[in-house]
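Read the structure below first, then the notes.
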Amino acid sequence: MPHPQSQSQIDQSFVHDLLAGPNDAAIVDTIIAPSRRLGADVIAEGLGSPGQRDLLDFGE
């Protein structure tokens with residue numbers, strides 16, 4: 001049996017246009033939702049603005 005995925009990574013190309021592009025937001029949501037249900041950590045590359053962090057719910 002394969003090991004469960006313990007970490008998912010969101011590429012910076014999706015994070016960069018997250019606030020401006022509904023398609024990028026949909027892709028990011030598609031990565032985050034199942035990852036959280038499986039208890040996997042989610043890493044977002046290039047997370048820079050507070051708006052991006054708030055949208056992804058990556059509070060400190």
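Kindly list the number of the only condition in (1) open to solvent by 60 Å² or more (accessible area, probe 1.4 Å); (2) on the phi > 0 side of the Ramachandran plot that fails for ASP54.
With (1) open to solvent by 60 Å² or more (accessible area, probe 1.4 Å); (2) on the phi > 0 side of the Ramachandran plot applied to ASP54, the lone miss is (2).
How many residues are modelled with pLDDT of 85 or more, of a type outside the set (A, V, I, L, M), exposed (fewer than 12 other Cβ atoms within 10 Å of the Cβ) and outside any helix (DSSP H, G or I) if we restrict to the stretch 1-42?
Residues that pass the stated criteria total 3.
The values are calculated or read from the model by the stated rules, or taken from the named source; none is laboratory data. Computed from a predicted model, the values in this text were never measured in an experiment. So basically every Cβ, Gly included, is an ideal-geometry build from the backbone, and we count neighbours across all protein chains shown. SASA here: full protein model, heavy atoms, side chains in, ligands and nucleic acids out. Shrake-Rupley method; radii C 1.70, N 1.55, O 1.52, S 1.80 Å.
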